[in-house]
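Structure first, commentary second.
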Amino acid sequence: MDLGFLPLPQRLALNYAPERIRAQTAALFALDARLGELVAKANEPLLAQLRLAWWRDELSKPQEERARGDPILDTLGETWPGEEHALIRLIDGWEQLVGAAPLPGSALESFADGRAGAFAALARLAGEPSAEEIARDAGRVWALADLAARVSDDQERQTACRLAEGQEHRFPRLPRALRPLAVLRGLAHRALLLGGAPLVTGRRDILAALRLGMIGR
């Protein structure tokens, strides 16, 4: 599966995924990035909803009945068995961003919840159920920071930052298997402190990702 299309923060984070959970982590990042592209590039809301519905429908089917040939869908079938419900919630979250700006805070909350739930599912797949809630919180922080950095509407950016203010910023350490989530969580926190700046803009952010990847903080 070609991962060259992943945003830079996710590519940096994936470098620190242990081999035993790398495929699952890569598949999640790839699906999330694909969904983001569908929402961002669709000229009409209905078109975005139809494309998201295709992913929802396919992941709702037993693996043997799914369409073949899409590398991301095929990899998810191999690496995310039993956790498809979390991926469907991720799709539902992205669908909340389909619409005219400024979107209400409830839509941004639902989007963040979808990403957070997928991070929690990754903790379960990694065999780290005790870290599920920590992973969920990391997903929520990253979701809101990433959204704040992406949107062009100032009101949406402010809402995303405000929602993120309620998150605990003394982050518990994540297990080694979930180090990519620690990288994204740390980069997100830095970006939020700058009012919703991009997560990675230069050498200083890359060095921060390196430190987070090596020690988890």
Problem set entry | Condition met for A30 (assigned to a helix (DSSP H, G or I), among the small types (G, A, S) and surrounded by fewer than 16 Cβ atoms within 10 Å (Cβ to Cβ)) | no
For this session: State which residue pairs qualify: first residue farther than 12 Å from A53 by Cβ and inside the range 88-99, second residue among the hydroxyl-bearing types (S, T, Y) in any location, beta carbons under 7 Å apart, and separation of 6 or more residues or different chains.
Result: G93/S110; Q96/S110
Exercise. Of all residues in the range 16-53 being over 18 Å from L73 (Cα atoms) and among the basic types (K, R), which is modelled with the lowest pLDDT?
Worked result: K41
Exercise. Looking at G105, G69, G82, which one is touching a Ser or Thr at 6+ places or on another chain (Cβ under 6 Å) and surrounded by fewer than 19 Cβ atoms within 10 Å (Cβ to Cβ)?
Worked result: G105
Exercise. Out of contact with any strand residue (DSSP E or B) (no Cβ under 9 Å at 6 or more places or on another chain), surrounded by 20 or more Cβ atoms within 10 Å (Cβ to Cβ), farther than 20 Å from A40 by Cβ and of a type outside the set (D, E, K, R), is that true of A138?
Worked result: yes
Exercise. Would you pick out the residues in the range 164-185 that are surrounded by 15 or more Cβ atoms within 10 Å (Cβ to Cβ), modelled with pLDDT under 95 and part of a helix (DSSP H, G or I)?
Worked result: A164
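The values are calculated or read from the model by the stated rules, or taken from the named source; none is laboratory data. Owing to the predicted nature of the structure, the values given are computational and were not obtained by experimental measurement. Glycine gets a Cβ as well: all are built from the backbone with ideal geometry, and neighbour counts include every protein chain shown.
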